[in-house]
Amino acid sequence: MIMESTSPNQLVALNMEGLDTPPLTLSQLAWRRFRRHRMAMFGAIVLALLFLYSFGGSLVLSESYANHTDTSLRIMSPSAEHLFGTDSVGRDILARTIYGGQISLLIGLTAVVIETFMGILIGALAGYYGGWIDSLLMRITEAMLNIPEIFLLIVMAKFFGGKIPEIEFIGRTFSGSVIVIVVIIGITSWMYLARIVRAQFLSLKENEFVLAAHATGTSNVQIIFLHILPNSMAPIVVSATLGVANAILAEAYISFLGLGVQPPTATWGNMLDGATNYLESAPWLWFFPGLLILLTVLSINFLGDGLRDALDPRSRAI
Amino acid sequence: MMTTKPVLLEVSDLRTRFHTPEGTIFAVNGISFRLHEGETVAIVGESGCGKSVSMMSLLKLIPVPPGEIYSGNVKYRGKDILQKPEEEMEQIRGREIGMVFQDPMTSLNPVLTIGRQLTEPLRTHLGMERDMANRRAIELLQMVGISDPERHLQDYPHQFSGGMRQRVMIAMALACAPSLLIADEPTTALDVTIQAQIVELITKMRDMLKMAIIWITHDLGVVAGMADRVIVMYAGYIVEEAAVDDLYDNPSHPYTIALLEALPRVDRRRDSRLKSIAGSPPNLLVEPHGCPFAPRCEFVIERCRVENPALENIAQGHSITCWVDVKTGKPR
């Protein structure tokens, strides 16, 4: 019955319409695959909320409020007035997690920019040129990998800490230690990325399209950055995403050891440091910053996982 | 008439070898030839006989190491281009000499749009702005017979069929109107009907742009209709060079004869079997003594095994490397 009501002409017209939609671009395909990855979508949404919390929250609570000390209010448990309670010098923990979040997220992002830049540069040069350039760069990379990262972080933080003046950025004053931490995390974490990029370049440079690019007079620099690099973006994006989580954790480590960002500038890491003496007596001191670190790292890892699946060009799933 | 035109490319004693863990591979062993402006030369030979390597050596596209061009010179418009630094070579590649590769499925970058790849040579070599390069790219796509070119500029290579991709490769190679096009088996990876279209397209472009072509192939049938001269290569040597009709009418090297006999022809009896060449190409790891074709040759004489003949003129514009006169079967 249904078939009778649809004339063959209509069917043809329907089919033609279907064929006429332009084919999906690579990014559209990736987005489709990403959307279907539940954990990744969860990660992306949580992460977006965390950014909203850290950067939107500063519109509600001022920074001077976050750094305001009142010893009469020290170590107050969560209440209507101080939702997350107060710390050992009476500062509001809610406000401090907001401003600390800004620093932690910014450190994560900027450290990864440095890490990605160095990783791509070193990996690309080593993989593309090969020979002695490859040997030299990879020996340096291995040497860096052999030093325990946490040790390197501590030594460099100790060495450079306090030597850099304060800076102003997006309307806030940051202690110089923030810059030091960003740079240190950046230059101690590029090695894995460099190895990934090198491996990508080693295989991609043998492709015929590289030869074809040479044959049209494209220079080596253009081939490296405009022809081969776009082909290896997927693993780089994934690695960089996971790098954000690692950078946030690294900042938490060294701040927890008291070598990171110096108070009164709050970070989630140095808030944990301030909580060490009150682990049992005042759990809200470490619970909220700890939870935020956990959520951030977890959601970034989910996001990275989803990106890995979505950006894999060999994936046939639509 | 052809010979009155100026010489565009002169290759003399070009030798390329590769140093590999198994030993040194002698891929190109002293080839020499001339190409005049607007002339079409086909280089014929079976796989691994050094056709592609010799052409890539011309443009210094050989990876060094393991490759090494250890002798010879290549004069393009009278200037030795093998001595030029890399930056000057980049000016020549794509601008003066275009190249089309065998497999269009792999020679386009999968993550860049057709437009990006097509406008790149225009912007590097001719210094065009984006808008102008885009307009020129649309013209080029139209020229190579791709319909609706504006829309296709935004497309990625995977949205194109093999024939369309090869058309794009040709458009890229011709973007800057080069004086010489090197076509490295441009039809091998395509269906027969598409092959014919591509041959026709390149012939049309040649007549339009008045460029010279070096057409590498292992298919003598494809070149018969379009080449002026044919160079036959074997084991990194040129074994015969002749005008195209002369080569088909009067093949004078045993290898050329064997190749022609292995070629299916419409004017031959259907029930006659194609002849194959006995044996296999020589191992290029050892520098051969004597004629490299001697072990497979029907006409072989004692001298062939000890001494490699040099390229010798046997008639006007026809030269071979052989000790034997194939008509009589006796030493020349």
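For the protein assembly as shown, with only Lys/Arg (+1) and Asp/Glu (-1) charged at the beta-carbon, what is the dipole magnitude about the Cα centre, in debye rounded to 20? Walk me through the intermediate numbers first.
Numbers: 54 positive and 64 negative charges, 68 e Å.
The calculated dipole for the protein assembly as shown is roughly 320 debye.
Mean-square fluctuation check for chain B, GNM, Cα pairs under 10 Å: which of B:Asp103, B:Asp13, B:Asp267 is largest?
B:Asp267
Using the charge dipole of the protein assembly as shown (Lys, Arg: +1 at Cβ; Asp, Glu: -1 at Cβ; taken about the Cα centre), state which of B:Tyr156, A:Gly304, A:Leu204 has its Cα farthest towards the positive end.
Of the listed residues, the answer is A:Leu204.
Pairs of Cα atoms under 8 Å, at least six residues apart: use those to get the relative contact order of the range B:1-126, whole percent.
This gives 26 percent for the range B:1-126.
Taking amide hydrogens as modeled 1.01 Å from N in the peptide plane, which residues meet the under 5 Å criterion relative to B:Ile213, leaving out close sequence neighbours?
B:Glu39, B:Thr40, B:Val41, B:Leu181
Using +1 at the Cβ of each Lys and Arg and -1 at the Cβ of each Asp and Glu in chain B, identify which of B:Ser52, B:Ile238, B:Met132 lies farthest towards the dipole's positive end.
Projecting each Cα onto the dipole axis, the largest value belongs to B:Ile238.
Report Rg/Rh for the range A:184-280, rounded to two decimals, where Rg is the Cα radius of gyration and Rh the Kirkwood radius.
Ratio of gyration radius to Kirkwood radius: 1.26.
Which FRET efficiency, nearest 0.05, do A:Leu61 and A:Ala199 yield, Cβ-Cβ r, R0 60 Å? Write down the numbers at each step before the final one.
Details: r = 47 Å, r/R0 = 0.78.
Result of the calculation: an efficiency of 0.80.
Residue by residue through the range B:71-82, which ³J(HN,Hα) values in whole Hz follow from phi under the Karplus form 6.51 cos²θ - 1.76 cosθ + 1.60 (θ = phi - 60°), with glycine and proline marked x?
Values, residue by residue: 6, x, 9, 10, 9, 10, 6, x, 10, 6, 8, 5 Hz.
Percent relative contact order of chain B, based on C-alpha pairs within less than 8 angstrom and at least six residues apart?
19 percent
Could you derive backbone 3J(HN,Hα) for the range A:136-146 from the dihedral phi with the Karplus parameters 6.51, -1.76 and 1.60 (θ = phi - 60°), listing whole Hz in sequence and x where the residue is Gly or Pro?
4, 5, 6, 5, 4, 4, 5, 4, 5, 5, 6
How large is log10 of I(q)/I(0) for the range B:52-188 at q = 0.19, 0.22 Å⁻¹ when the intensity is taken from the Debye formula with one equal scatterer per alpha-carbon?
Here log10 of I(q) over I(0) equals -1.12, -1.35.
Given 10 Å bins starting at zero, what is the percent of C-alpha pairs of the protein assembly as shown in each, up to the one with the largest pair distance?
Final binned percentages: 3, 13, 18, 17, 14, 12, 10, 7, 4, 2, 1, 0.
Compute, for the range A:44-162, the length of the dipole vector about the Cα centre, with Cβ point charges of +1 (Lys, Arg) and -1 (Asp, Glu) only. Units Debye, rounded to 20.
In debye, rounded to 20, the range A:44-162 gives about 120.
Just counting partner chain Cβ atoms within 10 Å, what average do the residues of peptide B:109-118 show around their Cβ?
That average works out to 5.
Give me, ordered by chain and number, the residues 5 or more places off B:Leu8 or on other chains with an amide H under 5 Å from its own placed amide H.
B:Leu35, B:His36, B:Glu37
Using alpha carbon centroids, what distance separates the range A:88-108 and the range B:172-188, in Å?
When both Cα centres are located, 62 Å separates them.
How large is ³J(HN,Hα), in whole Hz, for each residue of the range B:217-226 in order, when computed from phi with the Karplus curve 6.51 cos²θ - 1.76 cosθ + 1.60 and θ = phi - 60°, using x for Gly and Pro?
7, 10, 10, 5, x, 5, 7, 3, x, 10
I need two numbers for the range B:192-286: Rg to one decimal and Dmax as a whole number, Cα atoms only, in Å.
For the range B:192-286, the Cα-based Rg and Dmax read 15.2, 45 Å.
If you count, for each residue, the other Cβ atoms within 10 Å and average over each peptide, how do B:166-174, A:146-154, A:29-37, B:92-100 line up from highest to lowest? All intermediate terms of the calculation are to be shown ahead of the outcome.
Details: B:166-174: 26.0, A:146-154: 13.6, A:29-37: 16.2, B:92-100: 24.4.
Descending packing order for the listed peptides: B:166-174, B:92-100, A:29-37, A:146-154.
Would you grab the residues whose amide H sits under 5 Å from the one on B:Val100? Only those 5+ places off in sequence or on another chain, please, with H modelled 1.01 Å from N.
B:Ile182, B:Ala183, B:Asp184
Suppose the Debye formula is applied to equal point scatterers at every Cα of the range B:164-247; what is log10 I(q)/I(0) at q = 0.16, 0.18, 0.19, 0.22 Å⁻¹?
The Cα Debye sum returns log10 ratios of -0.64, -0.81, -0.90, -1.15.
Please list log₁₀ I(q)/I(0) at q = 0.10, 0.16 Å⁻¹ for the range A:32-188, using the Debye equation with identical point scatterers on the alpha-carbon positions.
Debye output, listed in q order: -0.57, -1.09.
Each value in this text was obtained by applying a stated rule to the coordinates, not by laboratory testing. These figures come from a predicted structure and were not determined experimentally. Note: ideal-geometry Cβ built from the backbone for every residue, glycine included; neighbour counts use all protein chains shown.
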